[in-house]
Amino acid sequence: MPRTLLYLAVALVTSGVTLAVLLRDTPAAPAVTQHTPLPAAPAAPLPVAPVMAGAPVAASPMPVAVNVVPAPHVATLPVADAAADTLVELWDSHSLVPEQQQEMTLYRTQVATTSLGELAVGKTLQLGVPGRQAPLRATLDETHNTGGAAVWSGPVEGGQPEDTLTVVKGQLETHITLATREQTLSMVVDNATGSTLVTDQNQLLMRATPDALVTPDSTPLQPLPPPTRG
């Protein structure tokens, strides 16, 4: 029994020595430190290029359907052009220059010679008339030739049914006659120069017969004798 205890005591001592040696030789394990990650710094914003005036803007990636209604087509009516093409302006009332000649008042004016070449059926002649502020217009609707001269005639716009304008164009002169209920004018145009003379035919008639209403002298008749009785 004592020997057994001795063995046990020796074993315990040996185990203690061995454990002490092992603890001394084994390095201490480093302490583990838990580091809390710091929040990441915000990323710097990307530089934005300035938008220049007039620069194209990128379209949205999502196309948007737009219902485009086409503008209605408006037909252009060449009314003014057609009227300008058919109108032949001869002269206006402001260009008439009065002139006294043999106790008559004549009027002189000037016509563009190119206007005489535009005479045709469907043309509207515009001319000034003495004593009338607004220009007179007449549309030529008939034509014929007589004696080597071209003749056109047509009604006066805004006048009576019997008011007419007649144009007779010869080689040297063009004669224009305006016949209305109020007056009759005769206009003679020089084809080469365009010089025009306007004459009032009523004044010319009164000058030719200044007292056309005077009746000839008459002798009173003698009374008849009384009838005889049978």
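One table, with the values for the structure above:
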| item | result |
| --- | --- |
| Selection within segment 161-179 - surrounded by fewer than 18 Cβ atoms within 10 Å (Cβ to Cβ) and under 35 Å from the mean Cα position of the chain (by Cα) | T164 |
| Residues located in segment 90-119, provided they are touching a helix residue (DSSP H, G or I) at 6+ places or on another chain (Cβ under 8 Å) and modelled with pLDDT under 95 | Q102, E103, M104, T105 |
| Condition met for S153 (within 28 Å of M206 (Cα to Cα) and polar (S, T, N, Q)) | yes |
| Per-region count, segment 191-208, residues closer than 13 Å to T177 by Cα and either of a type in the set (S, T, N, Q) or in a helix (DSSP H, G or I) (or both) | 4 |
| Pair list, Cβ under 9 Å, 6 or more apart: segment 143-155 residue closer than 13 Å to A120 by Cβ, other residue in a strand (DSSP E or B) and basic (K, R) | A150/K169; V151/K169; W152/K169 |
| Condition met for G147 (small (G, A, S) and either touching a helix residue (DSSP H, G or I) at 6+ places or on another chain (Cβ under 8 Å) or under 14 Å from L165 (Cβ atoms) (or both)) | no |
| Hey, D85 acidic (D, E) and closer than 16 Å to V189 by Cα or not | no |
| Residue in segment 139-149 that is surrounded by 17 or more Cβ atoms within 10 Å (Cβ to Cβ) and under 19 Å from G194 (Cβ atoms) present | no |
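The values are calculated or read from the model by the stated rules, or taken from the named source; none is laboratory data. This is a predicted model, so every value here is computed, not measured. Every residue, glycine among them, receives a Cβ derived from its backbone with ideal geometry; neighbour counts consider all protein chains shown.
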